[in-house]
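Worksheet: one structure, shown below.
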Amino acid sequence: MGTAVTTLIKDSPPDAPERRPGRPIAVKRRGRRENLAGYLFMSPWIAGFLLLTAGPMAASLYFAFTDYNLFDSPKWIGFDNFTRMLDDPRWQKSVEVTAKYVVIGTPLKLLLALGVALLLAQSRRGQAFYRAAFYAPSLIGASVSIGFVWRALFSDDAAVDRTQSFLGFDVGGWVGNPDWVLYSLVALTVWQFGAPMVIFLAGLKQVPKELYEAAEVDGAGPFKRFWSITLPMISPVLFFNVLLETIHSFQIFGSAYVVSNATCGPADSTLVYTCYLYQKGFKEAQMGFASAMAWMLLLAVALVTVVLFWSQKRWVHYEEASR
């Protein structure tokens, strides 16, 4: 009997530890204080996002369907701004100029960036200096002062005009020539190839050297190694640069406005989309029309982005997907 009782006592589960009634409440309070501190630290960004981004976007979406001139109360007109926009010859001209700028400027900029990155990827003396020198235009190229310098370089009897006259090309200053002024803007954006160059250089550093060595043993030449190894391996970086630079090209404004001396000319030859948007919104006080233009630009950029993401399945190769 005693042995059975002793065995039963030994086999019985130990008593559960006593709970402290105040501990869960203290943990909850501390969690609330931490959450409150987090929200307080985020409050400047949240306030800035609501007041400077989300709020203006919502207001512009409303103004896009109204007749609003910045002075009188907006009047609801439905889709009239959009229909007038599609029938506006200057709006059509701005779309044409912007598309031409994007199609010409973006590929040239990326080609130059990739070419320089391939040169800098090789070990050579002064490599850090060359990286900094090639990257510097990306830091200062978007400034207004560079726009004035560019306008001076491509004006009549300026450096570019004299150089091409010396070489036998009698074109004159590009800024005053409607057929050439857009190419001065293309040259300005190509000159700012430093940012995509740095990204290409980072991608090239990740390509395994063993692949090049194996291809060289198999007799592959430089072009074959570039086409079969380098391009597929850096295709995610190439896609990122194409996407980023295309979106950036659609947003051109400052350089076109400064180089054209705030006229977006001559003869609307530099009338990029954002320049015409600025004229309609702030010079002609048609803020409703300008808001509709802004949302059309957003839709166009979104459509191009969707197309690029759709096309990447055919030419972008990710290392994880190949495993």
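The values are calculated or read from the model by the stated rules, or taken from the named source; none is laboratory data. Note that the coordinates shown come from a computational prediction; the quantities given were computed from them, not determined experimentally. When we count neighbours, we look across all protein chains shown, and the Cβ atoms used for this are built from the backbone with ideal geometry, even at glycine. Surface areas here come from the heavy atoms of the whole protein model, side chains and all, with no ligands, DNA or RNA. Shrake-Rupley method; radii C 1.70, N 1.55, O 1.52, S 1.80 Å.
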## Note on the structure
Amide H proximity to residue 66 below 5 Å, modelled H, separation 5+ or other chain, gives 77
#### Entry: Pairwise label distance in nanometres, residue 76 with residue 247, each label 7 Å out on the Cα-Cβ vector
3.3 nm
### Cα centre as origin, Lys/Arg/Asp/Glu Cβ charges: the chain dipole, Debye
1440 debye
### Query
Under the definition of Cα pairs under 8 Å and six or more residues apart, what whole-number percent is the relative contact order of the chain?
26 percent
#### Entry: Tally of Lys pairs whose C-alpha atoms are under 18 Å apart, taken over the chain, 8 or more apart or cross-chain
4
### Task
Relative to the longest principal axis of the C-alpha atoms of the chain, give the angle of the C-alpha long axis of helix 89-120, reported between 0 and 90° and rounded to the nearest 10°.
70 degrees
### Query
Taking the Cα atoms only, what angle lies between the long axis of helix 144-153 and the longest principal axis of the chain, rounded to 10 degrees?
30 degrees
### Message
Using only Cα atoms and rounding to the nearest 10 degrees, what angle (0 to 90) does helix 2-11 make with the longest principal axis of the chain?
### Response
10 degrees
### Summary
Under the 7 Å Cα-to-Cβ spin-label approximation, residue 139 and residue 224 lie apart by a distance in nanometres of 4.3 nm
### Stretchable slack from residue 318 to residue 267, in nm (0.36 nm times residue separation minus alpha-carbon distance)
13.7 nm
### With every protein chain in place, the chain: carbon and sulfur % of accessible area (1.4 Å)
65 percent
### Summary
Burial-style ranking of 210-221, 82-93, 173-184, average other-beta-carbon count within 10 Å with highest first, yields 173-184, 82-93, 210-221
#### Entry: Net charge over other residues, Cβ less than 13 angstrom from the Cβ of residue 89 (K, R count +1; D, E count -1)
-1
### Task
Run the quick spin-label model on residue 157 and residue 240: label points 7 Å from Cα toward the beta carbon, then report their separation in nm to one decimal.
5.0 nm
### Task
Keeping all protein chains in place, calculate the accessible area per residue for the chain (probe 1.4 angstrom), answer in Å².
64 Å²
### Query
What does the highest-first list of 260-266, 165-171, 49-55, 250-256 look like by mean Cβ count within 10 Å?
250-256, 260-266, 49-55, 165-171
### Query
What is the Cα centroid distance between the range 29-82 and the range 266-304, reported in whole angstrom?
21 Å
